[in-house]
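See structure below.
The values are calculated or read from the model by the stated rules, or taken from the named source; none is laboratory data. Source: prediction; values computed, not measured. Here the Cβ is made from the backbone with ideal geometry for all residues, glycine too, and neighbour counts use every protein chain on show.
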Amino acid sequence: MTMSNRIDLVQDDMPDFWYNILPDLPEPLPPPRDITGKSIEVLKKVMPTEVLRHEFSSESKIKIPEDLRDLYFQVGRPTPIIRAKRFERLFNSPIEIYMKMEGYTFSGSHKINSALVQAYYSKIDGVPFVTTETGAGQWGIAVALASTLNGLKSKIFMVSASYRQKLYRVTMMRMLGGEVHSSPSNLTKVGIEMLKDEKKRDGSLGIAISEAVEYALENNGKYNVGSVVNADILYKTIAGLEARKQLENNGIEPDYIIGVVGGGSNYSGLAFPFYKDYKNTKYIAAGSLEVPKMTRGEYRYDYPDTGMILPQLMMYTIGYDFIPPPIYSGGLRYHGVAPTLSLLMKKGIVSSRDYDQETIFRYAELYSRTEGYIPAPETSHALPIIKEIAEEAKKDGKKRILMSFSGHGLLDLGSYATMYNSSS
């Protein structure tokens, strides 16, 4: 049903499949590279069996099991599209902004779209628990919730800088049944080694990934991956498939699809279902200037984790050993970009922008004061792109923008408070 500023999708119309972009890429994706001869075997041991099959699938559509659809309904899917009319007026330009509101899910972000699936398939494999990494905590919350709903325990390695900054996210994970550890930790060989170097004690997503993989490998668990890999993006296309149906039902064709990139699954989950058929649409991804992998990174093989446990991937990267500054957008403190998204960037199909923390804070504030809904710092990185498009629309005419509102900022108020205090 459609209201003046809202487009809903009834549960019966939620897509019953995920979209796999691999068959539709402009050229084959470079395969993972196993330098040690052991890392592919590690993947086979720690990833859920069906998730690993999906990772290399050549099917363009993969059916969603009915009981997984029920789990999606349980956590708030389908999510609405909200037209941000009051925010539009700030730009005095003929633009229309359509927000796919992933912050409306029970976990507060798009992350639950994949976490539910990976926990579901982990349960089928018969393990007692799953492990994962988390930066700002959105993925950790999603894994804690998904594991609980599937009757599993979860052990979550949270980047140390975010663990200290985001107490409420840690608390929410624990409320949902998650066991949360600051990373680097003393629970793994990788963590113990990293703690020896004072510069690495703030942690990084690369370190947390290595810890989660090692712990799963050594203790008979399954590792649930939060971004970058094809399977994770596949499951997150539920958001883009919903959005496409919502817009098409209302005769709306986006001129731009924008969103933020940490590892790439948020933006890809929204944009990929449009890619094959919407050739006139422009695709722009935003990132952190403090972690500039998209604008200053190199397209090459690199490790996805700091401990060099996993196979190397061909992607845009600023180096597996890069230790990012402790910015408040903890979900963006990752050194690489998903291989599928990286390939589209390399081909010029997706362009990128990076914005600094002060800029995105101003835009988060503007959005909150016009639309009345507080975005996460990560989500806010895509908002400055709208100004760029608005300036273009003043010259070229109306532009319709679809953006992934990847998560709300209600558990980021401590970070926003620090920004206010530092500027006063």
Practice task
Go through (1) closer than 22 Å to LEU413 by Cα; (2) in contact with a helix residue (DSSP H, G or I) (Cβ under 8 Å, 6 or more places away or on another chain) and name the single condition THR171 misses.
Solution key: (2)
Problem - Selection within the range 368-421 - assigned to a strand (DSSP E or B) and touching a helix residue (DSSP H, G or I) at 6+ places or on another chain (Cβ under 7 Å) - result: PRO375, LYS399, ILE401, LEU402, SER404, PHE405, GLY407, HIS408
Problem - Enumeration of residues in the range 325-352 that are touching a helix residue (DSSP H, G or I) at 6+ places or on another chain (Cβ under 7 Å) and assigned to a loop (DSSP other than H, G, I, E, B) - result: PRO326, ILE327, TYR328, SER329, ARG333, TYR334, HIS335, VAL337, ALA338
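Scanning the range 56-74 for residues that are of a type in the set (Lys, Arg) and not in a helix (DSSP H, G or I), which turns out surrounded by the fewest Cβ atoms within 10 Å (Cβ to Cβ)? Break it down into steps so the answer makes sense when it comes.
So in the range 56-74, the residues of a type in the set (Lys, Arg) come out as 61, 63, 69.
Subset that is not in a helix (DSSP H, G or I): 61, 63.
Values: LYS61: 13, LYS63: 11.
So, considering only residues that are of a type in the set (Lys, Arg) and not in a helix (DSSP H, G or I), the one surrounded by the fewest Cβ atoms within 10 Å (Cβ to Cβ) is LYS63.
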Practice task
Could you please give the count of residues in the range 149-193 that are under 22 Å from TYR328 (Cα atoms) and in contact (Cβ under 8 Å) with a residue 60 or more places away in the chain?
Solution key: 9
Handout entry: Of residues in the range 22-68 being acidic (Asp, Glu) and touching a Pro at 6+ places or on another chain (Cβ under 8 Å), the one nearest to ASN220 (Cα to Cα)
Key = ASP34
Practice task
Just name the residue that is nearest to the chain's Cα centre (by Cα) out of those in the range 179-206 that are under 23 Å from VAL229 (Cα atoms) and at pLDDT below 95.
Solution key: LEU205
Exercise for the section: Looking at (1) under 26 Å from ILE323 (Cα atoms); (2) out of contact with any Phe, Trp or Tyr (no Cβ under 7 Å at 6 or more places or on another chain); (3) of a type in the set (D, E, K, R), find the lone condition where ARG174 falls short. Expected result: (1)
Handout entry: Selection count where residues are in a helix (DSSP H, G or I), surrounded by 24 or more Cβ atoms within 10 Å (Cβ to Cβ) and β-branched (Val, Ile, Thr), scope the range 118-168
Key = 2
Exercise for the section: Name the residue, out of ARG53, ARG77, that is without any contact (Cβ under 8 Å) to a residue 60 or more places away in the chain and either assigned to a helix (DSSP H, G or I) or surrounded by 13 or more Cβ atoms within 10 Å (Cβ to Cβ) (or both). Expected result: ARG53
Handout entry: Given (1) at pLDDT below 95; (2) closer than 30 Å to ILE401 by Cβ, number of the condition ILE209 does not satisfy
Key = (2)
Exercise for the section: Report whether or not TYR235 is modelled with pLDDT of 95 or more, within 13 Å of the chain's Cα centre (by Cα) and either within 20 Å of THR131 (Cα to Cα) or assigned to a loop (DSSP other than H, G, I, E, B) (or both). Expected result: yes
